[in-house]
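The values are calculated or read from the model by the stated rules, or taken from the named source; none is laboratory data. Here the structure is a predicted model, which is why all the values come from computation and not from measurement. Reconstructed Cβ throughout: ideal geometry from the backbone, glycine too, with neighbour counts over all protein chains shown. The accessibility values were calculated without ligands, DNA or RNA, using every heavy atom of the protein model including side chains. Shrake-Rupley method; radii C 1.70, N 1.55, O 1.52, S 1.80 Å.
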Amino acid sequence: MATESDGEEDTAGKLTGSQHLEVDDDLREMAKKAAWSVSSCKPGNGVLALRDDNLDTYWQSDGAQPHLVNIQFQKKVKLQLLVLYVDFKLDESYTPSKISIRAGDGFHNLKEIKTVEFKKPVGWVHIPLSGTDPRETFIHTFMLQLAVLSNHLNGRDTHVRQIKIYGPRPNPVPHQPFHFISKEFITYSTLK
């Protein structure tokens, strides 16, 4: 278990968020390739609200903690970054304060890869999925689960406004050790 730090944070290492979503060009959004589900939700505040690119809508859980968001892929994928939009100013006690991120082949063998704490976050919170080894830049998994373990002010239900998941962008030229980015190089990168 590790408390991650990326972006804006206070001295205790708890994430606070950023108003702008900035992601490296070498990453691509992987969410459309996944099947999404949640452990519970209020009517009208389900999975679709997490993925609609509208910061005014949100997923609201409805039940006992932990509250779960499950992201399942049909094949094993490389994932590098999880990004959440949460807003303490609007949601107060509904805002997550501690989450666990788990990965595995399915529900039967999920393992916790990271625990993250927030301090009154407002905005996009970036959570790298890589390990402690600097050579591990991504995880290779069929399933990712986000578990909300506790909320600010001891709130019961939770609000998460958006979730995005990113993986490394594949090399456009297969079996090529180099990563060409200009159209000219890609055009002439293979032999005929």
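Tabulated results
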read-out: Condition met for residue 12 (at pLDDT 95 or above and surrounded by fewer than 20 Cβ atoms within 10 Å (Cβ to Cβ)); value: no
read-out: Unmet requirement for residue 142, which otherwise passes all of (1) at pLDDT below 95; (2) surrounded by fewer than 19 Cβ atoms within 10 Å (Cβ to Cβ); (3) closer than 27 Å to residue 25 by Cα; value: (1)
read-out: Search result, residues across the stretch 67-80 that are surrounded by 13 or more Cβ atoms within 10 Å (Cβ to Cβ) and either at pLDDT 95 or above or not in a loop (DSSP other than H, G, I, E, B) (or both); value: 67, 68, 69, 70, 71, 72, 73, 77, 78, 79
read-out: Candidates 52, 25, 56, 62 - the one that is at pLDDT below 90 and not aliphatic (A, V, I, L, M); value: 25
read-out: Residue that is nearest to residue 163 (Cα to Cα), among those in the stretch 85-117 that are in contact with a Phe, Trp or Tyr (Cβ under 8 Å, 6 or more places away or on another chain), surrounded by 15 or more Cβ atoms within 10 Å (Cβ to Cβ) and among the small types (Gly, Ala, Ser); value: 97
read-out: Those residues of the stretch 38-66 which are open to solvent by less than 40 Å² (accessible area, probe 1.4 Å) and within 17 Å of residue 165 (Cβ to Cβ), in sequence order; value: 38, 47, 49, 50, 59
